[in-house]
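**Student:** Structure below; questions to follow.
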Amino acid sequence: MVQVLLWLSILIPWVILFVFFKGETIRRFLPAGLFGALVLTIVFQLAEQRHWWFIKETIYPLTNTTPFVYGLFIVGTVIILRFTFRKFLLYLAAEVVINLFLAYIGNAIFISLGLFTLTASKFFVFLLTMGVGLLIYLFQIWYAKSPR
């Protein structure tokens, strides 16, 4: 059952993105989502080396990264930027709320499902995800200014 949920956590967000959002929005913000996934993949590599958390359940071919990164995270980034880009305080508020939820409630759910164990503090996870969120916003500013 857990494997089904993991696969759905990749597939459902992408279906929602392509059904409910215009191609222009996807083209404008997807690079930032992919950049964020790259950064988060590096964070997961560091987490494995530093023993911040341990992934117990994932899907093939992923080894130490959860499917969350390649589904809900990328799509969520696109959606958040769609509604908050160029409104930094709104973006920051959204990031605080979402990252607090992830650090304190989301992680508790993932742990109870047996997906991973957390050895770092929840506050550390919150700070880490806020840092990733700020990098994504800076990337989007740079991307929006770059000539195409």
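The values are calculated or read from the model by the stated rules, or taken from the named source; none is laboratory data. Computed from a predicted structure; not experimentally measured. Here the Cβ is made from the backbone with ideal geometry for all residues, glycine too, and neighbour counts use every protein chain on show.
**Student:** Tell me, which residue of the range 62-77 that is of a type in the set (A, V, I, L, M) and either free of Cβ contacts under 8 Å to residues at least 60 places away in the same chain or outside any helix (DSSP H, G or I) (or both) is farthest from PHE139 (Cα to Cα)?
**Tutor:** Going through the qualifying residues, I end up with LEU62.
**Student:** Let me ask you something else. Considering only residues that are surrounded by 12 or more Cβ atoms within 10 Å (Cβ to Cβ) and either part of a helix (DSSP H, G or I) or among the charged types (D, E, K, R) (or both), which ones fall in the range 48-61?
**Tutor:** Passing the criteria: GLU48, LYS56, GLU57.
**Student:** Could you tell me which of the residues ILE80, ILE109 is exposed (fewer than 15 other Cβ atoms within 10 Å of the Cβ), among the β-branched types (Val, Ile, Thr) and either in a helix (DSSP H, G or I) or at pLDDT below 90 (or both)?
**Tutor:** ILE109
**Student:** Hey, does the range 51-59 have a residue that's basic (Lys, Arg) and at pLDDT 95 or above?
**Tutor:** Checked the range 51-59: no residue is basic (Lys, Arg) and at pLDDT 95 or above.
**Student:** Sort out which residues of the range 1-47 are without any contact (Cβ under 8 Å) to a residue 60 or more places away in the chain, in a helix (DSSP H, G or I), over 17 Å from the mean Cα position of the chain (by Cα) and within 19 Å of ALA108 (Cα to Cα), and write them in order of number.
**Tutor:** The one that is without any contact (Cβ under 8 Å) to a residue 60 or more places away in the chain, in a helix (DSSP H, G or I), over 17 Å from the mean Cα position of the chain (by Cα) and within 19 Å of ALA108 (Cα to Cα): GLN3.
**Student:** Which number in (1) surrounded by 18 or more Cβ atoms within 10 Å (Cβ to Cβ); (2) touching a Gly at 6+ places or on another chain (Cβ under 7 Å); (3) not small (Gly, Ala, Ser) marks the one condition that GLN140 misses?
**Tutor:** Only one criterion is unmet by GLN140, namely (2).
**Student:** Could you please let me know if LEU134 is in a helix (DSSP H, G or I) and either within 25 Å of ILE16 (Cα to Cα) or out of contact with any helix residue (DSSP H, G or I) (no Cβ under 7 Å at 6 or more places or on another chain) (or both)?
**Tutor:** Yes.
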